[in-house]
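Below is one structure, written out as structure tokens, with a few remarks after it.
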Amino acid sequence: MFDNGGSSLKVGAVTVATTQNTGLSVEYWADRCLDKILYVANDSASPIKDQAQAYKEDIRRVLVAYIGQAIKSDRTTLYNLLLRQSQGDMAEILRKEL
Amino acid sequence: MAFTGDFLCTSFKQEILVKEHDFTLTTGDSFKIALYDDTATLTAATTVYVTGGELAATGNYTTTGQALTNVTPVTSGTTAIVDFVDEVFSTATFSAMGALIYNDTHASDAAVAVLDFVTLKTATAGDFTIQFPVADATNAIIRIA
């Protein structure tokens with residue numbers, strides 16, 4: 001006997017993350033990026049799940065480091081942009097954040 | 001009228017069967033996400049982008065919303081899934097109760113999905129970020145099982 005498998009068209013639920021007077025952290029974006037790259041199902045077999053989690057944590061550390069470097073590079077770009085616009089004080093604020 | 005849940009718009013279900021939506025990265029259609037307050041009347045019966053209840057163009061929100069970045073649909077087991085890259089409304093100062101994803105390339109700005117945030121979400125001079133669910137067979141934003 002054939003089983004149609006209960007075919008359906010469904011929508012998932014989004015989550016909203018908001019901040020007050022600041023942006024989202026490097027760690028937040030690293031975690032979001034990781035969720036897109038590697039998803040470990042809760043019902044995965046234990047040894048495989050453990051290995052995958054360890055691998056995921058390794059990637060997370062790399063992502064945090066590189067996203068942080070990208071932000072610093074962008075601030076350097078902004079620092080120079082502000083200097084060219086004769087906004088030395090504002091440029092200095094950014095430089096101190098580097 | 002408040003939001004009453006997440007819906008794939010009924011019109012969208014018909015439209016995908018007559019090739020009116022293409023979620024392919026880069027070469028596909030352009031999809032946008034617009035934000036709404038609690039006065040919006042968005043349901044499964046919503047067929048196109050609507051302005052009623054949409055946030056005003058203040059606090060760094062632009063009416064008609066922001067363009068999403070497509071992720072080319074894939075399959076997971078026997079389920080086809082659609083995903084988008086998380087969308088950030090930067091330096092935002094506004095509150096929203098829900099959202100509408102619609103096809104900005106479509107001649108009538110056809111509605112795709114109504115998203116209910118359940119509670120009012122507020123950002124103040126910060127990031128207002130829409131996180132799309134894990135792109136798997138049980139969670140993805142659009143799933144054909």
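For the reader, a short list of remarks on this structure follows.
- Top-ranked residue in region A:1-13 [being modelled with pLDDT under 85 and among the hydrophobic types (A, V, I, L, M, F, W, C); ranked as surrounded by the fewest Cβ atoms within 10 Å (Cβ to Cβ)]: A:Met1
- When residues of region B:1-38 are limited to those that are basic (Lys, Arg) and either touching a residue at least 12 places away in the same chain (Cβ under 8 Å) or within 12 Å of chain A (Cβ to nearest Cβ) (or both), the one farthest from B:Ala107 (Cα to Cα): B:Lys13
- Criterion (touching a residue at least 24 places away in the same chain (Cβ under 8 Å) and more than 13 Å from chain A (Cβ to nearest Cβ)) met by exactly one of B:Thr47, B:Thr79, B:Thr43, B:Thr51: B:Thr47
- Failed item, numbered, when A:Ala91 is tested on (1) outside any helix (DSSP H, G or I); (2) modelled with pLDDT under 95; (3) surrounded by 15 or more Cβ atoms within 10 Å (Cβ to Cβ): (1)
- Region B:1-29, residues that are among the aliphatic types (A, V, I, L, M) and not in a loop (DSSP other than H, G, I, E, B): B:Leu8, B:Ile16, B:Leu17, B:Val18
- Restricting B:Thr58, B:Thr78, B:Thr4, B:Thr46 to residues that are over 19 Å from A:Gly12 (Cβ atoms) and among the hydroxyl-bearing types (Ser, Thr, Tyr) narrows the list to B:Thr58.
- Per-region count, region B:1-15, residues surrounded by fewer than 17 Cβ atoms within 10 Å (Cβ to Cβ) and farther than 21 Å from B:Ser95 by Cβ: 3
- Exactly one residue out of B:Ala45, B:Ala67, B:Ala56 is closer than 27 Å to A:Trp29 by Cβ and either aromatic (Phe, Trp, Tyr) or surrounded by fewer than 15 Cβ atoms within 10 Å (Cβ to Cβ) (or both): that is B:Ala67.
- Region A:40-98: number of residues that are aromatic (Phe, Trp, Tyr) and within 20 Å of the chain's Cα centre (by Cα): 2
- In region A:14-35, the condition of being polar (S, T, N, Q), more than 27 Å from B:Ala99 (Cβ to Cβ) and surrounded by fewer than 13 Cβ atoms within 10 Å (Cβ to Cβ) is met by no residue.
- Among the conditions (1) under 30 Å from B:Ile33 (Cβ atoms); (2) away from chain B (no Cβ under 14 Å); (3) surrounded by 13 or more Cβ atoms within 10 Å (Cβ to Cβ), the only one that A:Ser73 does not satisfy is (3).
- Of the residues screened, B:Leu68 is not one that is within 23 Å of B:Thr4 (Cα to Cα), touching a strand residue (DSSP E or B) at 6+ places or on another chain (Cβ under 7 Å) and either within 14 Å of chain A (Cβ to nearest Cβ) or aromatic (Phe, Trp, Tyr) (or both).
- Within region B:1-59, the residues that satisfy the criterion of being touching a helix residue (DSSP H, G or I) at 6+ places or on another chain (Cβ under 9 Å), under 26 Å from B:Val74 (Cα atoms) and of a type in the set (A, V, I, L, M) are B:Ala44, B:Val48.
- Residue list for region A:14-51, filter: within 14 Å of chain B (Cβ to nearest Cβ), outside any loop (DSSP other than H, G, I, E, B) and at pLDDT below 90: A:Asp35, A:Lys36, A:Ile37
The values are calculated or read from the model by the stated rules, or taken from the named source; none is laboratory data. Bear in mind the structure is a predicted one, so any value in this text is a computation, not a measurement. Here Cβ is always computed from backbone atoms with ideal geometry, including for glycine, and neighbour counts include all displayed protein chains.
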